[in-house]
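Below: the structure, in structure tokens.
The values are calculated or read from the model by the stated rules, or taken from the named source; none is laboratory data. Remember, predicted model here, so these are calculated numbers, not experimental data. So basically every Cβ, Gly included, is an ideal-geometry build from the backbone, and we count neighbours across all protein chains shown. For the accessible areas, the whole protein counts, side chains as well, though only heavy atoms, and no ligand, DNA or RNA atoms are used. Shrake-Rupley method; radii C 1.70, N 1.55, O 1.52, S 1.80 Å.
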Amino acid sequence: MTLTDLALYIILPILSVALILAVSRLIRGPKMPDRVVALDLMVTLGMGLIAVYAIATDQAVFLDVATVLALISFLGTTAFAYYLQRRPEA
Amino acid sequence: MSIETADLVTAVLLVIGAFFMFVGAVGVVRMPDLFMRMSATTKSVTLGVSFMLAAVAVHFNELGLGSRAIATIVFVFITAPIAAHMIGRAGYARQVELWHGTIADELRGRYDPETGELISKPPVHHPERLPSDGTD
Amino acid sequence: MTFFLLNVLLALAWAALTGQLTPENLIGGFLVGYALLAFSRRALGCTSYVTKVPKVISFILYFAVELFRANLRVAFEVLTPRQRMRPAIVAIPLDIRRDLEITLLASLITLTPGTLSLDVSSDRRVLYVHSMYVDDIDVFRREIKDGFERRVKELFT
């Protein structure tokens, strides 16, 4: 089994299932903070997916996408948390 | 490092990373309240994604790429606790329910309702002085 | 800090002199530069830097091991059907005062799975921590104080 096979047929499906679980929490999440946590988790899982895809296709450029995604996810989560703290209802 | 060892190391790193990310996703579904969900997921997913980025660095084996991967790992490790801390605090401020099995909540009633300041009443091993003590 | 930069500069000089900018060369150069600084610590006055580097490295290793162990524990907890959590929010009195130290301690606590630092009191005397496994509140408090806080304090003195 080559590395590409491992990445495509084992790692990617595992991450996809994890993504589905995260989405289920995003839909169910009783309160807003739970949804933010699920969203944060999804973005991080996306970083993992990109890393695996970079290895599977031998394209190093995708690593930059993962870096940018990390930057954006931190900004997004911080903004959400700030918003949650400022608005008592909803 | 020969090609085979590099591939083997990459594969092992990928599998470990995928395991931790999967655990994080299961945790976010299974844990009963917000704080436990966060402590079960944020960290294991951060560790998982670091393993995957390390796998990328090992697989391509270039200095520029490796340094970028390491920079991303460091960034994720610095920002993940800050994000978790902010969500946790916002969640507590919005009075998210704690799980019924929670055995103690020493934060309750410590926020000043008007100013939002957090007072630090001394915990258990500094018992409050009796008013008749007189020596201050 | 300036001595750290000097050390990095020495590592770069080593890599430049050997003519190959590879990670192994940079690490080797860093080690050689560190040895050089350690030999000339009297002349340069960098004793605190020389003693601090092993401390920082051992701290990082300790933390990595701790992180991995705690992650496995939480993974076991998540994957097995029975749940035996005893969560609690605990107030931990702080001996450290400076913002940087408190930030580092709070981040380390948050990064360890199972614990999550929620807030610091406005006068920076108490850190509020949520933990998943608290058998005894006082024991947990002592564990944090003797483990992470002591090491953070050592790092900065």
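Below, the figures for the structure above:
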{"quantity": "Of all residues in the stretch A:19-29 being within 7 Å of chain B (Cβ to nearest Cβ) and not small (Gly, Ala, Ser), the one that is surrounded by the most Cβ atoms within 10 Å (Cβ to Cβ)", "calculated": "A:Arg25"}
{"quantity": "Output for the stretch B:1-21, where each listed residue is hydrophobic (A, V, I, L, M, F, W, C), surrounded by fewer than 24 Cβ atoms within 10 Å (Cβ to Cβ) and part of a helix (DSSP H, G or I)", "calculated": "B:Ile3, B:Ala6, B:Leu8, B:Val9, B:Ala11, B:Val12, B:Leu13, B:Val15, B:Ile16, B:Phe19"}
{"quantity": "Tally of residues being surrounded by 18 or more Cβ atoms within 10 Å (Cβ to Cβ) and under 13 Å from B:Val26 (Cα atoms) across the stretch A:1-18", "calculated": "3"}
{"quantity": "Total residues in the stretch B:63-105, condition open to solvent by less than 40 Å² (accessible area, probe 1.4 Å), part of a loop (DSSP other than H, G, I, E, B) and at the interface with chain A (Cβ under 10 Å from one of its Cβ atoms)", "calculated": "1"}
{"quantity": "Contacts under 7 angstrom Cβ, first residue in the stretch A:35-64 being more than 9 Å from chain B (Cβ to nearest Cβ), partner open to solvent by 10 Å² or more (accessible area, probe 1.4 Å) and small (Gly, Ala, Ser), 6 or more apart", "calculated": "A:Val43/A:Ser73"}
{"quantity": "Residue within the stretch B:45-62 that is more than 7 Å from every other protein chain (Cβ to nearest Cβ), more than 17 Å from C:Asn71 (Cβ to Cβ), assigned to a helix (DSSP H, G or I) and in contact with a helix residue (DSSP H, G or I) (Cβ under 9 Å, 6 or more places away or on another chain) present", "calculated": "yes"}
{"quantity": "So C:Asp123, is it more than 19 Å from B:Leu34 (Cα to Cα) and of a type outside the set (A, V, I, L, M)", "calculated": "yes"}
{"quantity": "Lone unmet requirement of (1) surrounded by 24 or more Cβ atoms within 10 Å (Cβ to Cβ); (2) more than 16 Å from A:Leu69 (Cα to Cα) for B:Thr46", "calculated": "(2)"}
{"quantity": "Criterion: without any contact (Cβ under 8 Å) to a residue 24 or more places away in the chain and in contact with a helix residue (DSSP H, G or I) (Cβ under 9 Å, 6 or more places away or on another chain) - qualifying residue of C:Arg98, C:Arg84, C:Arg69", "calculated": "C:Arg84"}
{"quantity": "Qualifying residue in the stretch C:126-137 (condition: more than 14 Å from chain B (Cβ to nearest Cβ) and either touching a residue at least 24 places away in the same chain (Cβ under 8 Å) or under 30 Å from C:Leu5 (Cβ atoms) (or both))", "calculated": "no"}
{"quantity": "Selection status of A:Met32, open to solvent by 30 Å² or more (accessible area, probe 1.4 Å), facing chain B (nearest Cβ under 8 Å) and out of contact with any Asp or Glu (no Cβ under 6 Å at 6 or more places or on another chain)", "calculated": "yes"}
{"quantity": "Within the stretch B:24-36, tally of residues that are crowded, with 24+ Cβ neighbours inside 10 Å and at the interface with chain A (Cβ under 10 Å from one of its Cβ atoms)", "calculated": "7"}
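Let's see how each residue does on (1) at negative phi; (2) touching a Leu at 6+ places or on another chain (Cβ under 8 Å); (3) surrounded by 15 or more Cβ atoms within 10 Å (Cβ to Cβ):
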residue: C:Lys55; (1), (2), (3): yes, yes, no
residue: C:Glu66; (1), (2), (3): yes, no, yes
residue: C:Leu79; (1), (2), (3): yes, no, no
residue: C:Arg82; (1), (2), (3): yes, no, no
residue: C:Ile89; (1), (2), (3): yes, yes, yes
residue: C:Leu100; (1), (2), (3): yes, no, no
